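**Q** Structure below; questions to follow.
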Amino acid sequence: MAETLLDIRDLKTWFKTDDGMVRAVDGVDLRIDRGETVGVVGESGCGKTVTARSVLKLIDMPPGRFENGQILWQGRDLIPLPAEEMDKIRAREIAIIFQEPMTSLNPVYTVGDQIGEVIRQHENLSKKQARDAAVEMLRLVNIPNPGKRVDDYPHQFSGGMRQRVMIAMAMSCKPKLLIADEPTTALDVTIQAQILELMQEMKERLGMSIMLITHAMGVVAETCQRVVVMYAGKVVEEASVEALFGNPRHPYTQGLIRSIPRVDRGAEQKQRLEAIPGTVPSLLQPPTGCRFAARCKYVMDVCTQAMPPLKEAAPGHFVRCVL
Amino acid sequence: MIPSLLGISVVLFTLLAMAPGDPFDELATNPAVPPEVRAALRLKFGLDDPVWMRYWHWLIALMHGDWGFSFVSRVDVSTLIMQRLPVTLVVIGASQVLAIAVALPVGVLAATRPYSLFDQIANTFAFIGFSLPTFFTGLVLILIFSIQLDWLPFVYRADIAATGWAFYWEHFKQSVMPVTVLGLFQGAALVRFVRSSVLDVIRLDYVTTARSKGIGERKVITRHVVRTALIPVVTLIALQMPIVFSGAVVTEQIFRVPGIGSLLISSMLANDTPVVMGVTFVSACLVVIFNLIADILYGWLDPRIAFR
Amino acid sequence: MAGSTHASLSAKAPAAVPGARKGRRFSPWQEAWRRFRRHKMALFSAFALFLVVFGVLAGPFLWRVPINEIDFAAKLQGPSWAHPMGTDDLGQDLLSRLIYGGRISIAVGVAAMIVAIFVGMLVGALAGMASGGLDAALMWLTDLFLSLPQLPLLLLVIYLFREPVKGVLGVEGGAFILIVGVIGATRWMAAARLVRAQFLSLREKEFVEAARALGASRMRQVMMHILPNALGPVIVVATIDIAAAIIAESTLSFLGLGFPSDVPTWGSVLRDAKDYLDIAPHWALFPGGLIFITVLAINFIGDGLRDALDPRRVL
Amino acid sequence: MGKDQLLSVRDLRKHFAVKGGLFSREVERVHAVDGVSFDIGKGETLGLVGESGCGKSTTGRCILRLIEPSSGEVTFQGADVMRMSGEALRALRRDMQIIFQDPYASLNPRLTVGAIVGEALEIHGLAKSRRELEERVVQLLETVGLQPDHMRRFPHEFSGGQRQRIGIARALAVEPKLIVCDEPVSALDVSIQAQVINLLEDLQEKFSLTYLFIAHDLSVVEHISTRIAVMYLGRVVEIAPSRDLYDTPLHPYTEALLSAVPIPDPTVKRKRIMLQGDVPNPIHPPSGCHFHTRCPIARPDCAQRDPVLRESRPGHWVACHYRG
């Protein structure tokens, strides 16, 4: 078995709001091994982004706080780590890219400055050397004419190019893990394909792992080896990508897969979409039982009484359902 | 900039032209001026010309620095203003520096620790600061530091009979109160603005990106937050210049600082119209110049502007 | 002040899922009141302002000492039972003079705000609905007025027009109209810019587009969809404008260019008092304190309203 | 297209002026819509797909005259939409409606749901009394799957999917014939998307509606549309029945677009056509065929000649010099 890089255990990240405590992440277990791509899927508000940001402790505290759990990075818990120690992990060991390439770069500095800043922080380089390294990174992510573009400001780049710059920045210290938080959601489909391919290429070149946060099942199916499905702050299913799409066990996962229109199906297979009725429950006072119970078509009495545990239904296939 | 100055000159001229009576009333009521001289003056200043002609002549004269003649002091208005202007600029400049020096750190600190005790105290003082009218703060300071404690003089004297360090010390002592009054009033409004501007920036995605780089919170705040948050602050400082001038007029009046503000008030009370017009125009010009400086600073702070 | 940035802070926290407050229903105005109530200083200030306004309105009926009763025997006295706020150099009762002055100051503040907001909304709405030439011209005018030094201009206008207006409208009425008009005329720009910005952003909003697609007339679009949504920030600016106008009026009076010298306003009482600071500090502290408390209360209420009506803007 | 045609668009263009400099002169022009033509038959759904900035939303709004087009013809039920004004335009508003993308921005936060849905009835005088209006609003809410007591609530009390239903009820109030659906499900979560798509399909059947369905998501468009028009940089590059378009795409852009759509099935392996670079700036669109800068099969003359949309197979139109 491969070496475990990241091991999140029973993580609870809650937010204090005017209306009460929002349990955005409410007991999440997640493991990422060296060299693998793990997809974390779920709808908006399911806690996938908060989980990702919790790993790098990028949550504003207050209003957020770690209520419980451990984030073990190569065996070391990050939660109690002091800020200076955490800064040595950021970018050098774990890097992150975000959904909105348009707003993720500081508009008042050149992209060269911003890439150079990371490099100089973690490696002892001169300004000139850092600039050269930034040019090299831009070349690596296939930005045309990197020697010239390194002095351009973010607003002079298109959305897809900015995401490339973000990837260049994230890769510049050769991290072991890249957290990609909806990296292609804001991009057009042809640009999305380019970025996904670039990430794949980077992964192979640097031998790193990827934690891919997304709501698009298609993206997961095409890029990940293992998938974690989240619903209302909890992991409901975890399996290899083949097992998850071939034999989804949780009713939510099943619904999610069946509610997507499939462009590859012929007319004869075309059918009405299977919608999941209702809406996501409030994370302020989540229901006591299974959080999906109110929308589940197989719901039973036992579902509303206690939260079912995440149990191994088949080797490597975990599901949080009594069925 | 030129259109604004022209606009201001039109506003001023319109006011002057609409005002009843004639700017030469003062001369008219003065028995020492013979009627034929008055008629000659009317002709010279073209008072019987159509309005636009009068405006044109007035504008040309204005641009040549020919701003008229003070009826009271019997000197050229431009000379009078040039005598008084440096004092005002020093007071305003010093108070702006004080305001920024107080507001920047306090505002940034308050915004990085929202709802902390520090934030709440800073916020309360900011509210008190800009709710206190300058004339009242001035009187209270005089009451405390000049009358009760007798530390500081409450009359500003232009002619200090001292040399060397003593000269500067006296100047410093008499400037403390006017500068403080004006500076704290400005600073209070600025604290709130800096705080909100920083709060706006601190939520942005690129600040999270900066944090994820592991460069440390200090660098994140100074390099990535403050720099961008300053952009709207610069605009606000420029936009507030008219208010600063208003404050300066009052402060100069209270502490009897011989600047253009007190010149304005004394000329009004003495019905010295050319001086009143001149001072108003000069202060308008200064505001426009400050706006221009702000625009330049803005372009320098924000690279996106240059490409528009 | 707690509360002034609630919205901005919780923006990062995941949005509370709708339906979280099931059963409790709030109209937008109720929601605003709920937020306003959380701003403790604003609530307290509203109470303080109510006391001041009630005091100056009901004061003359409760405290019947005439404002101009001269009593040299009692001049420059500190607070006492006979004169709760002391007397001035002519032995006139300060309490009744300040009650009278408060009426003027607050009336000027409110009236000048109405003028400023009316002009500002008119200019802003016109500029915001008309695009192109008219918009550019109106905004140029607004920027021009913004760069005028307000106080010198105020003083200039009053200096030039005081006499003729007095001739037409009488001493006190003339001064009132002139001061209100001039303060209003130099303070409408903020409202104009704000209303224009609101209109520009709102008229592109999809719900306005939907109304257009339904065939709503331009008037209906403005009155039903744009204006009600633009109103929140305008109310905030209007509130703070009252405070600014009170300061402006007091400043004019303090400089001796406001109301005629025999009319006691808070500013003019302070002006008279400033030469007696050493022997009768109470004379200056009472009017100054009243201006301060009134202005502070209004500013806090404005802040509370901002939290309630316009959660995203902070200044 | 025959006599069952409801809407016909010919050579529609919209240029936005980019203003700048002193006195806001027009300095540049964005060619948002650059000569678009298509027809929609009664009861069908025409999908309009393309990437952001290709002009698909502008096209939809120009048809409704929410944006005044720069030139071109729009004929609705035989009437010239471009020349309508006053009463005729008001009448048109009853026949053509729109559903928006952003369920948060598309409902006036100050009005109750009842007022929002009832507004059209009020404007067009479709209800004689307060009671009749309320009854009609209740009926509309039930049609889109909401409860009658929802009419007294305000938009902020609803989730995204429910708000989208309110927007649909508002559009249905005037009993339109054509509804322009402008990215109606893009802002919704996957499970909610399916609810809204199903609702739109049900309503189409129930009220024999015609849709112009604008979206960037090819799988959604393919699912709901009878025919699909693909747009690139202000122009339609291909129109075909939806299955036909998927099975045999002719235009190289359509081909690349289809191959880039991720399939939620790890067992499906496809060859992906990777397009190079980004969509060019619509201020300076490339000469000739707008796609030639990224086209894998471009030849030198593609930069010179504008391709015209021609019928390569019955019902399958394509604008390419070398395909079809």
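The values are calculated or read from the model by the stated rules, or taken from the named source; none is laboratory data. Computed from a predicted structure; not experimentally measured. A quick note on method: Cβ atoms are made from the backbone with ideal geometry, for glycine too, and the neighbour counts reach across all protein chains shown. Surface accessibility is based on the protein's heavy atoms, side chains included, excluding ligands, DNA and RNA. Shrake-Rupley method; radii C 1.70, N 1.55, O 1.52, S 1.80 Å.
**Q** Report the A-D buried area as the accessible area lost on both sides summed, probe 1.4 Å, in Å² to the nearest 100.
**A** 3700 Å²
**Q** Something else now. If you build the convex hull over the alpha carbons only and average its shadow over all orientations, what do you get for segment A:47-110? Give it in nm² to one decimal.
**A** Averaged projected hull area, Cα only: 5.8 nm².
**Q** Ordering A:Ile143, B:Ile289 by how much accessible area each has at a 1.4 Å probe, largest first, what is the list?
**A** B:Ile289, A:Ile143
**Q** Using the Cα atoms of chain C to build a convex hull, what is its mean projected area in square nanometres?
**A** Mean shadow area of the hull around the Cα atoms is 21.3 nm².
**Q** For segment A:142-185 and segment C:249-315, what is the separation of their Cα centres, given in Å?
**A** Each part reduced to its Cα centre gives a spacing of 56 Å.
**Q** Would you kindly find the accessible area of D:Glu175, with a 1.4 Å probe and non-protein molecules such as ligands, DNA and RNA excluded, rounding to the nearest 10 Å²?
**A** About 120 Å², rounded to the nearest 10.
**Q** Largest first, what is the accessible-area ranking of C:Arg103, D:Arg243, A:Arg139 with a 1.4 Å probe?
**A** A:Arg139, C:Arg103, D:Arg243
**Q** Highest mean first, what order results for D:103-112, C:234-243 on Cβ atoms within 10 Å?
**A** Top to bottom by mean Cβ count within 10 Å: C:234-243, D:103-112.
**Q** To the nearest 0.05, what FRET efficiency results for D:Leu89 and D:Lys42 with a Förster distance of 22 Å applied to their C-beta separation?
**A** Efficiency at R0 = 22 Å is approximately 0.50.
**Q** What does the buried accessible surface come to for C and A, summed over both chains, with the probe at 1.4 Å? Round to 100 Å².
**A** That pair hides around 1000 Å² of surface in total.
**Q** For chain A, what is the mean residue ellipticity at 222 nm derived from helices alone (per DSSP H run of n ≥ 4: -39500 (n - 2.57); sum divided by total residues; nearest 500 deg cm²/dmol)?
**A** So the calculated ellipticity at 222 nm is -9000 deg cm²/dmol.
**Q** Dimensions of chain B along principal axes (Cα, Å, largest first)?
**A** So the three principal-axis extents are 83, 56, 36 Å.
**Q** Would you mind telling me which residue in A:Gly27, A:Gly47, A:Gly289 has the biggest mean-square fluctuation in a Gaussian network model of chain A, where springs connect alpha carbons within a distance under 10 angstrom?
**A** With Cα springs under 10 Å in chain A, the top fluctuation among A:Gly27, A:Gly47, A:Gly289 is at A:Gly289.
**Q** By DSSP, what percent of the beta bridges with both residues in chain A are antiparallel, rounded to the nearest 5?
**A** Expressed as a percentage, antiparallel bridges in chain A total about 60.
**Q** In segment D:167-192, which residues give up 10 Å² or more of accessible area once the other protein chains are added, compared with their chain alone (1.4 Å probe)?
**A** Residues passing the criterion (a loss of at least 10 Å², heavy atoms only) are D:Arg170, D:Asp189, D:Val190, D:Ser191, D:Ile192.
**Q** Using only protein heavy atoms and a 1.4 Å probe, report how much of A:Met199 is accessible, in Å² to the nearest 10.
**A** That residue has around 10 Å² of solvent-accessible surface.
**Q** Related question: Using only the alpha carbons of the protein assembly as shown, what is the convex hull's orientation-averaged projected area in square nanometres?
**A** 58.1 nm²
**Q** Within the set A:Lys88/B:Lys219; A:Lys234/A:Lys311; A:Lys48/C:Lys205; A:Lys12/A:Lys57, which residue pairs have Cα atoms separated by over 19 Å?
**A** Exceeds cut-off: A:Lys48/C:Lys205.
**Q** 5 Å is the cut-off here: which amide hydrogens, built 1.01 Å from N in the peptide plane, fall below it relative to A:Gly27, excluding neighbours closer than 5 in sequence?
**A** When sequence neighbours closer than 5 places are left aside, the close amide H contacts are A:Leu11, A:Lys12, A:Thr13.
**Q** Give me a comma-separated list of calculated 3J(HN,Hα) values for segment B:241-254, in order, Karplus coefficients 6.51, -1.76, 1.60 applied at θ = phi - 60°, integers in Hz, x for any Gly or Pro.
**A** So the Karplus estimates, Gly and Pro as x, are 3, x, 5, 4, 5, 4, x, 5, 4, 5, 4, 4, 5, 5 Hz.
**Q** Right, next: Would you work out the relative contact order for chain B, in percent, from Cα pairs under 8 angstrom that are 6 or more residues apart?
**A** The normalised contact order for chain B reaches 25 percent.
**Q** Ordering D:Ser71, A:Ser282 from largest to smallest accessible area (1.4 angstrom probe), what's the sequence?
**A** Ranking D:Ser71, A:Ser282 by accessible area, largest first, yields D:Ser71, A:Ser282.
**Q** If you average 1/r across every pair of different Cα atoms in segment B:66-120 and take the reciprocal, what Kirkwood value do you get, in Å?
**A** Roughly 14.5 Å, rounded to one decimal.
**Q** OK, next. Tell me, what is the percent relative contact order of segment B:223-301, built from C-alpha pairs under 8 Å that lie six or more residues apart?
**A** This gives 39 percent for segment B:223-301.
**Q** Taking a probe of 1.4 Å, how large is the accessible area per residue of the protein assembly as shown, in Å²?
**A** In whole numbers, the protein assembly as shown has 41 Å² accessible per residue.
**Q** Continuing with this model, one more query. So how long is each side of segment D:252-324 along the principal axes, counting just the alpha-carbon atoms, biggest first, in Å?
**A** 42, 33, 21 Å, listed from the longest principal axis down.
**Q** To make sure I understand the rule: partners must be aspartates and glutamates, Cα under 18 Å from the Cα of C:Lys40, and not fewer than 8 residues away in the same chain. Which ones qualify?
**A** Partners found: A:Asp18, A:Asp19, B:Asp119, C:Glu31, C:Asp303, C:Asp307, C:Asp310.
**Q** With an 8 Å cut-off on Cα pairs and a minimum separation of 6 or more residues, tell me the relative contact order of segment C:159-256 in percent.
**A** Relative CO of segment C:159-256 lands at 28 percent.
**Q** Rounded to whole Å and sorted largest first, list the principal axis extents of the Cα atoms in chain D.
**A** Principal-axis extents of the Cα atoms in chain D, largest first: 68, 58, 46 Å.
**Q** In the full protein assembly as shown, how much of A:Lys203 is accessible to a 1.4 Å probe, in Å² to the nearest 10?
**A** Roughly 20 Å² of A:Lys203 is accessible to a 1.4 Å probe.
**Q** Is there a simple number for the mean count of other chain Cβ atoms within 10 Å of the Cβ of residues in C:238-246, and what is it?
**A** Average neighbour count from other chains, rounded to a whole number: 1.
**Q** Give me a single rounded figure for A:187-198: the average over its residues of other chain Cβ atoms within 10 Å of their Cβ.
**A** Partner Cβ neighbours, averaged per residue: 6.
**Q** Measure out, as a whole number of angstrom, how far apart the alpha-carbon centroids of segment D:32-74 and segment B:264-308 sit.
**A** Answer, in whole Å: 50.
**Q** Which FRET efficiency value, to the nearest 0.05, is calculated for B:Trp165 and D:Ala17 with the Förster distance at 56 angstrom and r the Cβ-Cβ distance?
**A** Computed FRET efficiency for B:Trp165 and D:Ala17: 0.30.
**Q** Expressed as an acute angle from 0 to 90° and rounded to the nearest 10, what is the orientation of the C-alpha long axis of helix D:113-123 relative to the principal long axis of chain D?
**A** Relative to chain D, helix D:113-123 is tipped by roughly 80 degrees.
**Q** Next question. So if the hydrodynamic radius of segment A:100-174 is defined as the Kirkwood radius over C-alpha pairs, what does Stokes-Einstein give as its diffusion coefficient at 10 °C and 1.306 mPa s, in µm² per second?
**A** Taking Rh from Cα pairs, D becomes 134 µm²/s.
**Q** Report P(r) for segment A:184-323: all Cα-Cα distances, bin width 10 Å, range 0 to the bin holding the largest distance, values in whole percent.
**A** 10, 34, 34, 17, 4, 0
**Q** Counting DSSP beta bridges with both partners in the protein assembly as shown, what percentage is antiparallel, nearest 5?
**A** Antiparallel: roughly 65 percent of the beta bridges in the protein assembly as shown.
**Q** Mind pulling up the Rg/Rh value for segment C:44-100? Radius of gyration and Kirkwood radius, both on Cα.
**A** 1.06
**Q** Return the inverse of the average 1/r over all pairs of distinct C-alpha atoms in segment D:276-315, which is the Kirkwood hydrodynamic radius, in Å to one decimal.
**A** 11.4 Å
**Q** Quote the total accessible area buried by chains D and C together, excluding ligands, DNA and RNA, probe 1.4 Å, nearest 100 Å².
**A** The D and C chains share an interface burying roughly 2600 Å².
**Q** Note every residue of segment A:1-44 with a reduction of at least 20 square angstrom in accessible area, all protein chains present versus the isolated chain, computed with a 1.4 Å probe, or write none.
**A** Correct list: A:Phe15, A:Thr17, A:Asp18, A:Asp19, A:Val22, A:Glu43, A:Ser44.
**Q** What's the Kirkwood radius of segment A:1-105 in Å, using all Cα pairs?
**A** 14.7 Å
**Q** Another question, then. Describe numerically, in nm with one decimal, the distance between label points set 7 Å from Cα along Cα→Cβ at B:Arg74 and at C:Leu200.
**A** Roughly 5.6 nm, to one decimal.
**Q** Mind giving me the FRET efficiency for D:Gln77 and C:Leu62? R0 is 56 Å, r the Cβ-Cβ distance, nearest 0.05 is fine.
**A** FRET efficiency, D:Gln77 to C:Leu62: 0.15.
**Q** What is the distance in Å between the Cα centres of segment B:116-194 and segment D:104-155?
**A** For segment B:116-194 versus segment D:104-155, the Cα centre distance is 60 Å.
**Q** Could you work out, residue by residue across B:196-208, how many beta carbons of other chains sit within 10 Å of that residue's beta carbon, and then give the average as an integer?
**A** Rounded to a whole number, the mean comes out at 5.
**Q** Within chain C, which is the longest segment that contains none of the GluC sites (Glu not before Pro) sitting in a DSSP loop with at most 16 other Cβ atoms within 10 Å?
**A** C:70-203
**Q** Continuing with the same structure: In whole percent, and with a 1.4 Å probe on the protein chains, what portion of the accessible area of the protein assembly as shown is carbon and sulfur?
**A** It is 60 percent, rounded to a whole number.
**Q** Using all Cα-Cα distances in segment D:87-167, what percent lands in each 5 angstrom bin from 0 up to the longest?
**A** Result, from short to long distances: 3, 15, 25, 25, 20, 10, 3, 0 percent.
**Q** Using label points projected 7 Å from each Cα along Cα→Cβ, tell me how many nm separate C:Val52 and A:Met300, to one decimal.
**A** 6.9 nm
**Q** Distance in nm between label sites at A:Arg265 and A:Ile79, each 7 Å beyond Cα in the beta-carbon direction?
**A** Modelled inter-label distance: 4.2 nm.
**Q** Test of understanding: in a Gaussian network model of chain D with alpha carbons linked when under 10 Å, which of D:Ile63, D:Ile123, D:Ile166 would top the mean-square fluctuation ranking?
**A** Comparing D:Ile63, D:Ile123, D:Ile166 in a Gaussian network model of chain D, the most mobile one is D:Ile123.
**Q** Be a star and scan segment D:222-239 for residues whose amide nitrogen sits under 17 Å from the point 7 Å along the Cα-to-Cβ vector of D:Glu311.
**A** Those under the cut-off are D:227-229, D:238-239.
**Q** Could you work out [θ]222 nm for chain C from helices alone, using -39500 (n - 2.57) per DSSP H run of at least four and dividing by all its residues? Round to the nearest 500 deg cm²/dmol.
**A** Result for chain C: -22500 deg cm²/dmol, rounded to the nearest 500.
**Q** Measure nothing fancy, just the Cα-based angle from helix B:260-269's long axis to the longest principal axis of chain B, in degrees from 0 to 90, nearest 10.
**A** 40 degrees
**Q** Alpha carbons only, please: Rg and Dmax for chain A, in angstrom.
**A** When restricted to the Cα atoms of chain A, Rg and Dmax are 20.6, 67 Å.
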